[in-house]
Amino acid sequence: MKIVGFAGSNSSTSINKKLVTYVTSLFANVEVEILDLNDYELPLFGVDLEKEIGQPELAAQFLQKMNSADLLVVSLAENNGNYSVAFKNIFDWASRQEKNVFQGKDMLLMSTSPGGRGGATVLEIAKNSFPRYGANILATFSLPKFYENFNVDENLISNPELQKEIQQIVTKISK
């Protein structure tokens, strides 16, 4: 099985990327590729710009990565109660080439934040909208209070209840 994971963030210190990297490591006997949205940086999407420059190759490459996966593991950053502009931009460009951006792939959808809600708002938005773009969401997971519940030095979830929850999700998906 091939897992393609990414964080919906372009931060070089993304806590969502830390979460994706950790969770994908819990799967046994898989090939994992972690994408960095900085590798898909494009000008802000607009229909006038699209008419001018056409459909960017980077968006096609992002779609190819989605297509190469058996499972997508995505953790979204929440910016002002919604997607980060870095994710929304590549998503918008890609959706102009292929409406089903996630191409019917199974997905583990996650979010984390320093706050107590763990990105719950963006997680709910994505949970409701991603299926319209080809995501088959198998499970969702939110990690609240990232810096209290994740040991950055050891790169693992330090909260036993949350660790048990994500391990159960991984075990269920792996069957």
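Is it the case that some residue within the range 153-168 is hydroxyl-bearing (S, T, Y) and buried (at least 17 other Cβ atoms within 10 Å of the Cβ)?
Pass one, the range 153-168, residues hydroxyl-bearing (S, T, Y): 158.
Then drop every residue that is not buried (at least 17 other Cβ atoms within 10 Å of the Cβ), which leaves none.
Checking the range 153-168: not a single residue is hydroxyl-bearing (S, T, Y) and buried (at least 17 other Cβ atoms within 10 Å of the Cβ).
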task = Take the range 31-60 and flag every residue that is surrounded by 13 or more Cβ atoms within 10 Å (Cβ to Cβ), in contact (Cβ under 8 Å) with a residue 24 or more places away in the chain and among the hydrophobic types (A, V, I, L, M, F, W, C).
result = V32, I34, L35, L37, L42, F45, L58, A59, A60
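Given M1, M66, which one is under 21 Å from D92 (Cα atoms) and either in contact with an Asp or Glu (Cβ under 6 Å, 6 or more places away or on another chain) or buried (at least 20 other Cβ atoms within 10 Å of the Cβ) (or both)? Give the derivation first.
Working: M1 fails: under 21 Å from D92 (Cα atoms).
Within the list M1, M66, the selection yields M66.
State whether the residues of the range 103-126 include one that is more than 24 Å from S11 (Cα to Cα) and touching a helix residue (DSSP H, G or I) at 6+ places or on another chain (Cβ under 6 Å). Walk me through it before giving the result.
At the first step, the residues of the range 103-126 found to be more than 24 Å from S11 (Cα to Cα) are 103-106.
In the following step, the residues that additionally are touching a helix residue (DSSP H, G or I) at 6+ places or on another chain (Cβ under 6 Å) were identified as 103.
Checked against the condition, which is being more than 24 Å from S11 (Cα to Cα) and touching a helix residue (DSSP H, G or I) at 6+ places or on another chain (Cβ under 6 Å), the range 103-126 yields at least one hit.
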request  = State all residues of the range 93-135 that are closer than 19 Å to V32 by Cα and surrounded by fewer than 16 Cβ atoms within 10 Å (Cβ to Cβ); if no residue qualifies, say none.
outcome  = G104
note = Of those in the range 125-152 that are in a helix (DSSP H, G or I) and of a type in the set (A, V, I, L, M, F, W, C), the residue farthest from F91 (Cα to Cα) is F146
request  = Could you figure out which of (1) closer than 20 Å to I15 by Cα; (2) in contact (Cβ under 8 Å) with a residue 40 or more places away in the chain; (3) of a type outside the set (S, T, Y); (4) part of a helix (DSSP H, G or I) isn't true of E165?
outcome  = (2)
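Can you tell me which residue within the range 153-162, out of those that are under 19 Å from the mean Cα position of the chain (by Cα) and either in a helix (DSSP H, G or I) or at pLDDT below 95 (or both), is nearest to I90 (Cα to Cα)?
Looking at the filtered set, the residue picked out is N155.
Looking at this structure, is K51 under 21 Å from K105 (Cβ atoms) and of a type in the set (D, E, K, R)? Explain how you work it out, then say what you get.
Working: under 21 Å from K105 (Cβ atoms): no; of a type in the set (D, E, K, R): yes.
It is false that K51 is under 21 Å from K105 (Cβ atoms) and of a type in the set (D, E, K, R).
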inquiry  = Checking the structure you have, find out if any residue of the range 58-65 is in contact with a strand residue (DSSP E or B) (Cβ under 9 Å, 6 or more places away or on another chain) and either of a type outside the set (V, I, T) or over 20 Å from V122 (Cα atoms) (or both).
reply    = yes
task = Give the range 89-119 a look and list any residue that's more than 20 Å from Q167 (Cα to Cα) and of a type in the set (A, V, I, L, M, F, W, C), or say none.
result = I90, F91, W93, A94, V101, F102
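The values are calculated or read from the model by the stated rules, or taken from the named source; none is laboratory data. A quick note: this is a predicted structure, and the numbers were derived from the prediction, not measured. A quick note on method: Cβ atoms are made from the backbone with ideal geometry, for glycine too, and the neighbour counts reach across all protein chains shown.
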